[in-house]
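Before any comments, here is the structure.
The values are calculated or read from the model by the stated rules, or taken from the named source; none is laboratory data. Owing to the predicted nature of the structure, the values given are computational and were not obtained by experimental measurement. A quick note on method: Cβ atoms are made from the backbone with ideal geometry, for glycine too, and the neighbour counts reach across all protein chains shown. Please note that ligands, DNA and RNA were not included when accessible areas were found on the heavy atoms of the full protein model with its side chains. Shrake-Rupley method; radii C 1.70, N 1.55, O 1.52, S 1.80 Å.
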Amino acid sequence: MPPKKKTEEVKKIILGRPGNNLKIGIVGLPNVGKSSFFNTLSKTDLGKAANFPYATIDPEEARIPVPDERFDWLVSLYKPQNKIPAFLTCIDIAGLTAGASTGAGLGNAFLSHVRAVDGIFQVVRAFDDAEVIHVEGDVDPLRDMQIISTELRLKDIEWVEKELDRLRKGSKNLGSVSLADKAKKEEMNTVEKILKILVEDNMDVRKGNWTNKEVEVINGLTLLTAKPITYLVNLSERDFVRKKNKWLPKIKAWIDENNPGDSLIPFSVALEERLVSMSEEEQAAEGETLGLGKNPSALGKITTAGYASLELIRYFTCGPQEVRAWTIRKGTKAPQAAGVIHSDFENKFICGEIMAYEDLKENGSEAGVKAAGKLRQQGKPYEVVDGDICYWKSGQ
C-alpha cells in the first residue's frame, strides 16, 4: 500500500488586525483609576486624572517597555551601545457609562476609540474612597463589569445588524452558480452566526468557535467584543498588600461565568503612584517593608499580560552596536519577521541564521552555539519562535 499522505495541520487565523503595531486601550467607568493607572504606567501626567467623569476625552497614547529577563541578559552579554526593548502601545480612553451604545455621555466617541484599539485593559474599581466619587453612586465592580460588557455587546449588535441588512439587500440578486455569489452567501451566514452568538447565546464574539473563513469576516467588522480583555482590579494599597478583598472572589466568579479564560490581575493604583516617584533601590526597600518582595509593582506583570493577549512575541537582533527586541505576531514566517526591520529584508529574503535564546544562554557565546551545532539556517517557511536571536540575509 502507498504511504498515507501526511495531512497538514490548518493554521488558525488569529482574531484581530494582522500586523505587529497593535494597541491596547485602557477602558472602564469614570473614576475607577484609569488615567491614574495610565500616568503611572507611562510615568507621565498625560491622562488628566481628575475627580469627575470624562476627565479624559481625547485618548492619550504612550509606548510602554515590556519587561523581559532575556533582553536584560542579552544586554549584559553583548554590552551594546544601544538597547531597545519591546514596547506595548497603551491608550487611555474616556470613561464609559451606561447608555454609551446609544450615545449617552461621550458614548459614541468612546466606542469609536475602543474600536480603534486591538485589545482592552478593563480597569475595575474595588476600593472604597469617599473622596473619589463613583458615577453609579456606590462601589460595585460586578455591576460595573456588566455595564461595560452590555454596552460593548449592544454596539456590536447594532453594527452586525446593519451589516446583515446590507448583505440581505444585496443577496436578492444572487444566484448560486458563481464563486462570488457563493462567497457572499457564506459571508451572510457568518454574519447571521455572529448575531446569534451576541443576541441568543449572550456571548462575546471572541468566545465563539470560528473557522478561518469566519474569522476573516469577523476581522473585517472590527467588533468590540472580538478584542481580548485583561481585567485589572484596582484595590486599596492595604488590600493589595494583604492580598484580601471582598470583591475579588466575586469578580473571578463573574469572569468564569461570563468570559471564561480571560486574565484577572489585582493591583493598586494608590501603591503604584507612590512607587513611580521612587528609585529602583527605594522601590525594592519599600517592597521588602510591605512584604511584597523586591519588585512590589504589578505594572510589569500587567504590561506583559497585555502584550501576550494581543498574541505578540518578540525576536532579538544582537551585536556590539545594538541589542533590540522586534515585535511580531505569533505565527509570523521568517521573511515577514525580517520585514519588520526593513521591507528590503522581506522582499529580497534569502535566509535567516537563527539561535534559540536558551541555546545561547547555555553555551555562553555565539561561538559556543556554533560549536554545539545549534546555529540553524532557516528559509522562507520557518515560523519565528518567541525569543529567537536572528541574523537575516537578503539579496542586493
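A few comments on the model shown:
- Too-long pairs where the Cα-Cα distance tops 22 Å, listed order kept, from 23/155; 43/79; 83/227; 11/227: 43/79; 83/227
- Radius, Kirkwood style, for region 203-284 when every pair of distinct Cα atoms is counted (Å): 15.5 Å
- For residue 332, net neighbour charge (Lys/Arg +1, Asp/Glu -1) across residues whose Cβ lies under 15 Å away: +3
- Rolling a 1.4 Å probe over the protein heavy atoms gives the chain an accessible area of 51 Å² per residue.
- Most mobile of 85, 260, 296 in a GNM of the chain (Cα contacts under 10 Å): 260
- Surrounding net charge for residue 241, when Lys and Arg each add one and Asp and Glu each subtract one, Cβ distance under 13 Å: 0
- For the residues 303, 211, 230, a GNM of the chain with alpha-carbon springs under 10 Å puts the largest fluctuation on 211.
- Region 236-378: Cα Rg divided by the 2.2 N^0.38 Å rule of thumb: 1.46
- Across region 297-396, the mean sequence separation of Cα contacts (distance under 8 Å, 6 or more residues apart), normalised by length, yields a relative contact order of 34 percent.
- Considering only alpha-carbon pairs that sit under 8 angstrom and 6 or more positions apart, the relative contact order computed for region 202-308 is 26 percent.
- Estimated distance in nm for a label pair at residue 76 and residue 199, the labels positioned 7 Å out from Cα along Cα-to-Cβ: 5.9 nm
- Residue-count net charge about residue 374 - beta-carbon cut-off 13 Å; Lys, Arg +1, Asp, Glu -1: -3
- Normalised by the number of residues in the chain, the mean separation of alpha-carbon contacts (under 8 Å, six or more apart) gives a relative contact order of 18 percent.
- Placing dummy labels 7 Å off each Cα toward the beta-carbon, the span from residue 17 to residue 253 is 3.9 nm.
- Rounded Å value of the spacing that divides the Cα centres of region 222-293 and region 343-396: 38 Å
- Rounded to the nearest 20, the Cβ-based charge dipole of the chain about its Cα centre (Lys and Arg +1, Asp and Glu -1) stands at 1640 debye.
- Size estimate for region 282-350 follows the Kirkwood approach: the inverse of mean 1/r over distinct Cα pairs works out to 14.8 Å.
- Once both labels are positioned 7 Å from their Cα atoms along Cα-to-Cβ, the gap between residue 362 and residue 162 label points is 5.5 nm.
- Rg/Rh for the chain (Cα atoms only, Rh after Kirkwood) is 1.01.
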